[in-house]
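**Student:** Attaching a single structure in structure tokens format; questions to follow.
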Amino acid sequence: QQVAIMSEIYRNATKVLCWIGESDEKTENALANFQKLAHSAHKYDLPEVDAHMWLKIPILDAPENEAQQIIEGGLEHHLSTIYGRRWFSRLWIVQEVSLARSAILCCGEYEIEWKVFVTAMLVLVAAIERAELFLDDQKGFLCAWTVVRQRAKFRLLCQDGFITRSSHIAFAMFI
């Protein structure tokens, strides 16, 4: 019975807290590094995070060795402990983050705003494209990036008037 109204709950919520699991000894460091990456986005002239961001994968406007340092920093700061979580591989979470006006990823006692997470992921994607390297958990990274892109696509379709946030059928077809 609750499953049937979940889209309505997400759509009407001011903020959706997305529980991605318990924290561990690496969580705080990983989330701090996501924050740092997000704040560095302007340095690399990356586009603003919006509904159109999924249309083109950016390439980091920096030397290749700097892109490599970003990727190595991601490995060193255990970013995969966040983006590698099973939560990102679950289909229903696309609805959770897509319909939310604002979302926060919660990991144990730590949290990060969805927009900050997405901006950091954008920096990582741009660095990967520039350096032509991969992260340690490529499958997990691709699952997380797919969720980011699905939310952006859904938001773009809503923004352009093709579907409405209240359309359950359109959302089901979209996924």
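The values are calculated or read from the model by the stated rules, or taken from the named source; none is laboratory data. This one's a predicted model, so the numbers in the text were calculated from it and none came from an experiment. So basically every Cβ, Gly included, is an ideal-geometry build from the backbone, and we count neighbours across all protein chains shown. Heavy atoms of the whole protein, side chains included, go into the accessibility calculation; ligands, DNA and RNA do not. Shrake-Rupley method; radii C 1.70, N 1.55, O 1.52, S 1.80 Å.
**Student:** For Lys56, go through the lysines and keep the ones whose alpha-carbon is under 29 Å away, minus same-chain ones fewer than eight residues off.
**Tutor:** Leaving aside lysines fewer than 8 places away in the same chain, those within reach of Lys56 are Lys15, Lys36, Lys43, Lys115, Lys139, Lys153.
**Student:** Can you compute the radius of gyration and Dmax for the chain, using only the Cα atoms, both in Å?
**Tutor:** Just the Cα atoms of the chain yield Rg and Dmax of 16.1, 53 Å.
**Student:** Okay, next question. Please list, in chain and number order, the residues 5+ apart from Ala103 or on another chain whose amide H is under 5 Å from its amide H, with Hs placed from the backbone.
**Tutor:** Val16, Trp114, Lys115
**Student:** For the chain, take the longest principal axis of its alpha carbons; what is the angle in degrees between that and the long axis of helix 64-76, to the nearest 10 within 0 to 90?
**Tutor:** Tilt of helix 64-76: around 70 degrees.
**Student:** What accessible area, in Å² to the nearest ten, does a 1.4 Å probe give for Trp92?
**Tutor:** About 150 Å², ignoring ligands and nucleic acids.
**Student:** Follow-up question, since we're still on this one. Set the Förster radius R0 to 22 Å, insert the Cβ-Cβ distance between Arg86 and Glu111 as r into 1/(1 + (r/R0)^6), and round the FRET efficiency to 0.05.
**Tutor:** 0.75
**Student:** Note down the net charge around Asn29, summing +1 for each Lys or Arg and -1 for each Asp or Glu among other residues with Cβ under 12 Å from its Cβ.
**Tutor:** Taking every other residue near Asn29 into account, the sum is -2.
**Student:** Of Arg101, Arg85, Arg11, which has the largest mean-square fluctuation in a 10 Å C-alpha GNM of the chain?
**Tutor:** Among Arg101, Arg85, Arg11, the largest GNM mean-square fluctuation belongs to Arg101.
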